[in-house]
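In what follows, a single structure is set out as structure tokens and then discussed.
The values are calculated or read from the model by the stated rules, or taken from the named source; none is laboratory data. For clarity, every value in this text was computed on a predicted model and none was experimentally measured. For neighbour counting, all protein chains shown are included, and Cβ atoms are generated from backbone atoms with ideal geometry for every residue, glycine included.
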Amino acid sequence: MIITQKYFLHFPVCETNTPIIYKLVKDYDLEVNIFRALVSSEGEGYLVLDVKGEAGSIKKAMEYIESFGVTINSVKNGVVRDESLCNHCGNCISHCKTGALHIADLKTRKIVFDDKLCIACGKCVDNCPMKACSTVF
């Protein structure tokens, strides 16, 4: 059965030069879509990605990744929204290309965050005047 899973990966300093994602494609026959990646000045690496393929292959691939000391979280994304800071100005909506941030009810005009649609591009983080959106990396 083909499934798609979203993962947030944290690579330790010693593994940022290892072609781990290449191996996912080649050895586990997976489709990988990298939404966001960052290597810090200290050499740590972060990735937010979708992995598509057979459920068993994904499981084996994640075990392979973990063998390098990579921390894997199946969190929905790398963006966190603090509802208490949002004043529902709507500035984020025009920057959110996936529609993860949107107005669900025109009467209330409140901004809603659908984390299943979020690709952690960070545009909301950059454009929220209230700093209601932040990134985990």
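Identify the residue in region 1-12 that is closer than 25 Å to LYS116 by Cβ and at pLDDT below 90 and, among all such residues, is surrounded by the most Cβ atoms within 10 Å (Cβ to Cβ). Within region 1-12, the match that is surrounded by the most Cβ atoms within 10 Å (Cβ to Cβ) is PHE11. Reported count of residues in region 102-116, each being touching a Gly at 6+ places or on another chain (Cβ under 9 Å) and surrounded by 15 or more Cβ atoms within 10 Å (Cβ to Cβ), is 1.
Within region 79-99, can one find any residue that is surrounded by 15 or more Cβ atoms within 10 Å (Cβ to Cβ) and touching a residue at least 60 places away in the same chain (Cβ under 8 Å)? Among the residues of region 79-99, not one is surrounded by 15 or more Cβ atoms within 10 Å (Cβ to Cβ) and touching a residue at least 60 places away in the same chain (Cβ under 8 Å), which makes the answer no.
Being over 27 Å from ALA132 (Cβ atoms) and of a type in the set (Asp, Glu) is a description that does not apply to GLU83. Going residue by residue through region 83-102, is there one that turns out to be more than 24 Å from ILE2 (Cα to Cα), in a loop (DSSP other than H, G, I, E, B) and of a type in the set (Asp, Glu)? Scanning region 83-102, I find no residue that is more than 24 Å from ILE2 (Cα to Cα), in a loop (DSSP other than H, G, I, E, B) and of a type in the set (Asp, Glu), so the answer is no. Scanning region 13-58 for residues being farther than 21 Å from LYS116 by Cβ, of a type outside the set (Ser, Thr, Tyr) and without any contact (Cβ under 8 Å) to a residue 60 or more places away in the chain gives a total of 20. Against the conditions (1) more than 19 Å from GLN5 (Cα to Cα); (2) assigned to a helix (DSSP H, G or I); (3) basic (Lys, Arg), LYS60 satisfies every one except (1).
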